[in-house]
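The values are calculated or read from the model by the stated rules, or taken from the named source; none is laboratory data. It should be emphasised that the depicted structure is a prediction, and the values quoted were computed from it without experimental measurement. When we count neighbours, we look across all protein chains shown, and the Cβ atoms used for this are built from the backbone with ideal geometry, even at glycine. These accessible areas exclude ligands, DNA and RNA; they are computed on the full protein's heavy atoms, side chains included. Shrake-Rupley method; radii C 1.70, N 1.55, O 1.52, S 1.80 Å.
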Amino acid sequence: MNSPTAPVTQDVLTIPRKDAEGSTGKVNLVGLTHEQLRAALIAAGTPEKQARMRERQVWQWIYQKGVRDFEAMTNLAKDYRASLAETCEIRVPEIVTKQVSEDGTRKYLVRIAGGHEVEIVYIPEEDRGTLCVSSQVGCTLTCTFCHTGTQKLVRNLTAAEIVGQIMVARDDLGEWPKPGRNPKDETRLLSNIVLMGMGEPLYNFEAVRDAMKIAMDGEGISLSRRRITLSTSGVVPEIARAGDEIGCMLAISFHATTDEVRDTLVPINKKWNIEALLAALKEYPKLSNSERITFEYVMLDGVNDSDDDARRLVRLIAGIPAKINLIPFNEWPGAPYKRSSDARIRAFANIIYKAGYASPIRTPRGEDIMAACGQLKSATERARKSKREIEAEAGLGVVTIGSCETSAE
Ligand code: SAH
Ligand code: SF4
């Protein structure tokens, strides 16, 4: 049984990557910063004098045109292409399954190095298409309403695996620019990214930052920083850094209006409480009416959904340009909570709306394919039941952190 009073982090099995670059032994060029890509090309035999130009060419092939084969890089000399192919590769996660919901939501299960799997969700809407990207396999935190938080196996994704999720989605959507088409076209199918899949992005800061910088780069995927939203449970010391080094939009898994309740729902609150979190948010750069912080608030029956909660929420966030995203709780087997009634959610929303805040109620998308918030679990969840299998498959010495290995069931 999942205890509603969870420790800040759970005892986890960290999975080191068996082989960062896979079994090919080649250097994966995906996920490298401009400087790293240049260095990799030099290491692969590119003369230093040409490295800058070659780096830009290769970058554009990878991120602007979606090419995966050096042979297709027609503005590079034939033997240079062949020599790159000998030592380098362009590798993205491999799609294992794809499910399409009745409402058009797509859920991909992808395999990454070491045999691990994560889920990616694509949500089409009238005026945008949002990709929900994962940052970790599992999550070390133990939010008591979140299914991902019950997983025992955790590893950080690499920058290649994070930006690679965007690339495989674009492959599936068939959305690499055709000749003559403007890649900045804002009407594109994949127009927004939310880091709201599995994992706590601020516990994998560098990889998330490097991947998002690639997603924003004007010579590649070219998404505006305002179309990228990073969701955090409240890793306070990293919030300012996210503002400085990534500069994307921020969403906070707020979920409660007193420390007592938040300590239970989002146990990281025991480390950084509501006051510390709000202080960090007030300092977030560029906050304005057009660049607001999103407060995510999961509606749990009888736990955090009273009128008093709504009024306290409004008082707490006073002075912060904000919108409040109410998320009807998505139930999962064994979950210790129930979803608030529609009437309760509407009454709560109304109080917030009257106080002058946008308070959209997030329509659960892709429920029929378990793609809704907090339902992502992937094969890692199954692996929890057969650790030995995964150890054997990945050929790993699995490191156990923490003193005991209790089952989440
Ligand atoms: N770890 C990050 C990002 C991933 S979770 C974070 O916690 O912010 C994305 C959002 O879904 C978060 O607001 C999270 O609290 C919410 N969520 C998790 N489980 C949920 C569930 N069962 N029902 C509804 N929302 C959930
Ligand atoms: Fe981790 Fe976010 Fe789930 Fe909390 S809500 S356990 S931080 S993924």
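So here's what we get for this one:
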{"item": "For Thr105, residues with placed amide H under 5 Å, excluding near neighbours", "result": "Gly366"}
{"item": "Summed side-chain charge close to Lys323 - residues other than Lys323 whose Cβ falls under 13 Å, Lys, Arg +1, Asp, Glu -1", "result": "0"}
{"item": "Listed peptides 269-276, 44-51 by packing density, highest first (mean Cβ within 10 Å)", "result": "269-276, 44-51"}
{"item": "Nearest-0.05 FRET efficiency for Asp259 and Ala51, computed from C-beta distance (R0 56 Å)", "result": "0.60"}
{"item": "Antiparallel %, DSSP beta bridges [both residues in the chain], to 5", "result": "50"}
{"item": "Average accessible area per residue (Å²) across the chain - probe 1.4 Å, nucleic acids and ligands excluded", "result": "43"}
{"item": "Charge dipole of the chain about the Cα centre (unit charges at C-beta), most positive-ward option of Ile274, Tyr337, Tyr284", "result": "Tyr284"}
{"item": "Separation between Cα centres of region 42-110 and region 288-337, rounded to whole Å", "result": "41"}
{"item": "Residues in region 103-125 that a label on Glu94 would reach, taking backbone N under 11 Å of a point 7 Å out along Cα→Cβ", "result": "111-116"}
{"item": "In nm, spacing of pseudo-spin labels at Glu86 and Tyr353 (7 Å Cα→C-beta vector)", "result": "6.6"}
{"item": "Rounded tilt (10° steps) of 48-63 against the dominant C-alpha axis of the chain", "result": "50"}
{"item": "Carbon + sulfur, % of accessible area of the chain - ligands and nucleic acids excluded, 1.4 Å", "result": "50"}
{"item": "Shape call, the chain: gyration tensor on alpha carbons, a/c limit 1.5", "result": "prolate"}
{"item": "Percentage relative contact order, the chain, counting C-alpha pairs under 8 Å, at least six apart", "result": "21"}
{"item": "Extension gain (nm, one decimal) between Thr363 and Glu71, 0.36 nm per residue minus Cα-Cα", "result": "100.7 nm"}
{"item": "Magnitude of the charge dipole, the chain, Cβ model with Lys/Arg +1 and Asp/Glu -1, debye to 20", "result": "680"}
{"item": "Packing rank of 244-251, 351-358, where each peptide gets the mean count of other beta carbons within 10 Å, highest leading", "result": "244-251, 351-358"}
{"item": "Segment Ile42-Ala240, length gained on full extension (0.36 nm per residue, minus Cα span)", "result": "67.8 nm"}
